[in-house]
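Enquirer: Have a look at this one.
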Amino acid sequence: STSFKSNAALVVRDFLTDTKFGLGAASSEINDTAITTAANICDENITLAGGGTEETYEAHGVVYSNVAVKDTLNKILTSCGGSVTYTNGKFDLKVAKFVSPSVTITEDELIGDVQVTTKRSRSERFNAIKGVFVPSETNYVATEYPAITSSTFETEDGSRIYASYDLPFTTSSSMAQRIAKIYLNKNLQDYTLTLPLKLSQFSLEPNDTVNVTLEKSFGFKNKIFEVVEWKFGTSNGENGELVLGVDV
């Protein structure tokens, strides 16, 4: 049987499989284990500061047939801070909730030199978020949600630098602020590593969290990172031979 539900993860799944307005993916192409995990997170109750509760992530909005499917999907994903990846023949969904790492990367996993980026340029940085959502109180006319700022990073940057983050599928002010705060805090973490790893780390996927222990070269011990990109890579072995691995 089927029924209506505003659970953001289930809305994403429906859009992925919809053959008229969505991506038209087959059910066999959906990682329903990942969808179930994401849907359960969306259903978790959040206690509100002013009293009462609400579910963590809901999606309410309009899909237009003249908008590219990818653009519509990205708009729906803002409702849960989510991301969709296509791995091993299936679409995976992860929504914004921290998951403790189960994998630790050490020097023993490396097959080449680590590349480090410690700070983005000022033109790429921001320390405050503002944007619009679509509350029922305004009959779903786009309205600004309260801006999210960080005094700590404002002091570090010398001024307040805004980025715009619209939430066209969010109707709750508290939910909009929660999503915007996650987006801001995530983007303030601008320490990036590129790790050339052995094929033993083939199972890592974008959005996974990992512990990185590189005590000899960087002094890291169980420092938590999120995987944002994954691709096959090569390195030269001890005898000059080509070694296949993964760049994470």
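The values are calculated or read from the model by the stated rules, or taken from the named source; none is laboratory data. The shown structure was predicted, so the numbers you read here are calculated from the model rather than taken from an experiment. Note that each Cβ is placed from the backbone with ideal geometry, even for glycine, and that neighbours are counted across all protein chains shown. Ligands, DNA and RNA are excluded from the accessible area calculation, which covers all protein heavy atoms including side chains. Shrake-Rupley method; radii C 1.70, N 1.55, O 1.52, S 1.80 Å.
Enquirer: Do the sum for the chain: with -39,500 (n - 2.57) for every DSSP H run of n ≥ 4, divided by all residues, what is the mean residue ellipticity at 222 nm, to the nearest 500 deg cm²/dmol?
Expert: Roughly -6500 deg cm²/dmol at 222 nm, from the helical runs in the chain.
Enquirer: Spin-label point model (7 Å from Cα, Cβ direction): what's the residue 187 to residue 1 distance in nm?
Expert: Result: 4.4 nm between the two label points.
Enquirer: Just add up the charged neighbours of residue 172: K/R +1, D/E -1, any other residue whose Cβ is under 12 Å from the Cβ of residue 172.
Expert: Here the count lands on -3.
Enquirer: Moving to a separate point now. What's the angle, to the nearest 10 degrees (0 to 90), between helix 32-43's Cα axis and the longest principal axis of the chain?
Expert: With rounding to tens, the tilt is 50 degrees.
Enquirer: Give the average over all directions of the projected area of the C-alpha convex hull of region 133-248, one decimal, in nm².
Expert: 10.7 nm²
Enquirer: Once the principal axes of the Cα atoms of the chain are found, what is the range along each, listed largest first in whole angstroms?
Expert: Here the spans come out as 68, 50, 35 Å, largest first.
Enquirer: For region 134-210 and region 2-58, compute the distance between their C-alpha centroids and round to whole Å.
Expert: Comparing the Cα centres of region 134-210 and region 2-58, I get a distance of 19 Å.
Enquirer: Cα gyration tensor of region 76-173, axes a ≥ b ≥ c as square roots of the eigenvalues: rounded (a/c below 1.5), prolate (a/b > b/c) or oblate?
Expert: Working: a/c = 2.88, a/b = 1.36, b/c = 2.12.
Cα axes put region 76-173 in the oblate bin.
Enquirer: Probe radius 1.4 Å, ligands and nucleic acids ignored: give me the carbon and sulfur share of the accessible area of region 107-207 as a rounded percent.
Expert: 49 percent
Enquirer: Would you mind giving the average projected area, over all directions, of the Cα convex hull of region 1-114 in nm² with one decimal?
Expert: On the way: hull surface 43.8 nm².
If I average the Cα hull's projected area over directions, I get 10.9 nm².
Enquirer: Compute the FRET efficiency between residue 140 and residue 48 as 1/(1 + (r/R0)^6), taking r as their Cβ-Cβ distance and R0 = 22 Å, and round to the nearest 0.05.
Expert: For R0 = 22 Å, the calculated efficiency reads 0.60.
Enquirer: For residue 69 paired with residue 205, estimate the spin-label separation in nm (one decimal), with each label point 7 Å from Cα along the Cα-to-Cβ line.
Expert: Once both label points are built, they end up 2.0 nm from each other.
Enquirer: Also, quick follow-up: Excluding ligands, DNA and RNA, what is the solvent-accessible area per residue of the chain at a probe of 1.4 Å, expressed in Å²?
Expert: Details: 14230 Å² over 248 residues.
Each residue of the chain exposes 57 Å² on average to a 1.4 Å probe.
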